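Engineer: Attaching a single structure in C-alpha cells format; questions to follow.
The values are calculated or read from the model by the stated rules, or taken from the named source; none is laboratory data. Keep in mind that what you see is a predicted model, and the values were worked out from it rather than measured. Cβ atoms come from the backbone with ideal geometry, glycine included; neighbour counts cover every protein chain shown.
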Amino acid sequence: MAGEQKFNVLSPFVIDFDIHSGLSDSKESSRRYLSDMKNMYFDDEAYHQLVKEGDPLVYEFYELDIPRTPGDIAFGTTVIYPGKVGREYFMTKGHFHEILDTAEIYYCLSGRGYLLMENTEGDWTACELAPGKAVYVPAGYAHRSINTGSEPFVMFFAFRADAGHDYGTIEEKGFRKLVVEEDGKVAVIDNPKWKN
C-alpha cells in the first residue's frame, strides 16, 4: 500500500519479573559489584575495605535487547541490595540519557528507597519510594536509585529505547547530593566531591 508506515521487526513477547524480587526466570540480569563503582562513593577508605572483604553485589538490572529505535520502549527491573559504604547507602551509578530530552518512569515493586535526580541547571530533588509508588523523571534529569531499607529495593522502569545512557558525566562529576544515614535516619547532604 502506498504511504504505508513501516515498523521495526520486533515480535510481541512476554517476560516474567517476580513482583517481590524483581528477578526473571527467563532472562539473565546485568550485575554491578562494588568494584564496578570506583569513585562513586564519598568514603574511599570504606569503599576499598568492602571491596577487599568480598566485593558485594550492589545491584542488578535487565537489558532486554530492545532495538534502539525511536518507536520502541526499553523496560525492565532494577534491584538494589541493602548495604552501605561508610554512611552512604548502596545505589546505582546513575546516569543522564544520551538523548537528553528523554523522560523515564520508575514504579516501586518492593522495598524502600529514594530516586535522586538533578539537571544541568542545578535543580535537584530526592523522591522517597515504597511499594505502589511511581516517580516521573523529567527530560534532562540525571537519576540514581538508592536503597535506604533493609531488604532489596525493586523498581520497574520504562523509557524510549533510543535514549541511551550517559554514565560518563556522573563518573566524572558525581551528583550534587548524597543520601546517607545520619543519627539513624535518612539524610540528603551536599557532596564534597562534586565537581562543578
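Engineer: Do you know which residues across the stretch 8-62 are in contact with a Ser or Thr (Cβ under 7 Å, 6 or more places away or on another chain) and among the acidic types (D, E)?
Structural biologist: D16, D55, E60
Engineer: Go through the stretch 57-112 and give me each residue that's farther than 18 Å from F156 by Cβ, modelled with pLDDT under 95 and acidic (D, E).
Structural biologist: Passing the criteria: E98, D101.
Engineer: Within the stretch 72-100, take every residue that is under 21 Å from K173 (Cα atoms) and among the acidic types (D, E) and give me the one that is surrounded by the fewest Cβ atoms within 10 Å (Cβ to Cβ).
Structural biologist: In this case the residue turns out to be E98.
Engineer: May I ask you to verify whether I19 is farther than 18 Å from N147 by Cβ, touching a residue at least 60 places away in the same chain (Cβ under 8 Å), in a loop (DSSP other than H, G, I, E, B) and more than 15 Å from the chain's Cα centre (by Cα)?
Structural biologist: Values: farther than 18 Å from N147 by Cβ: no; touching a residue at least 60 places away in the same chain (Cβ under 8 Å): yes; in a loop (DSSP other than H, G, I, E, B): yes; more than 15 Å from the chain's Cα centre (by Cα): yes.
Criteria not met by I19.
Engineer: Provide a single number: the residues in the stretch 137-196 that are of a type outside the set (S, T, Y), more than 25 Å from T102 (Cα to Cα) and more than 14 Å from the chain's Cα centre (by Cα).
Structural biologist: Narrowing the stretch 137-196 to residues of a type outside the set (S, T, Y): 137-140, 142-144, 146-147, 149, 151-166, 168, 170-196.
Of the ones still in play, those that are also more than 25 Å from T102 (Cα to Cα) are 149, 151-152, 180-193.
Filter once more, so that each one left must be more than 14 Å from the chain's Cα centre (by Cα): 149, 151, 180-193.
Residues meeting the conditions: 16.
Engineer: Do any strands (runs of 3 or more DSSP E) entirely within the stretch 145-196 hold 3 or more residues that are buried (at least 19 other Cβ atoms within 10 Å of the Cβ), and if so, which? Steps first, please.
Structural biologist: Working: elements: 153-160, 177-182, 185-190.
Here the list reads 153-160, 177-182.
Engineer: Follow-up question, since we're still on this one. Those residues that are in a loop (DSSP other than H, G, I, E, B), in contact with a Phe, Trp or Tyr (Cβ under 9 Å, 6 or more places away or on another chain) and not hydrophobic (A, V, I, L, M, F, W, C), I need them from the stretch 88-136; list them, please.
Structural biologist: The answer is T92, K93, G94, H97, T102, G111, R112, T120, D123, G132, K133.
Engineer: A follow-up question, please. Report, ordered by the first and then the second residue, all pairs with beta carbons closer than 7 Å, sequence separation of six or more or different chains, a first member in the stretch 132-157 that is of a type in the set (D, E), and a second member that is buried (at least 20 other Cβ atoms within 10 Å of the Cβ).
Structural biologist: Here the result reads E151/G111, each pair linking the stretch 132-157 to a residue that is buried (at least 20 other Cβ atoms within 10 Å of the Cβ).
Engineer: Then there's this: For the stretch 158-193, name all the residues that are among the aliphatic types (A, V, I, L, M) and touching a residue at least 40 places away in the same chain (Cβ under 8 Å).
Structural biologist: Keep residues of the stretch 158-193 that are among the aliphatic types (A, V, I, L, M), which gives 158, 161, 163, 170, 178-180, 186-189.
Within the stretch 158-193, A158, A161, A163, I170, L178, V179, V180, V186, V188 meet the criteria.
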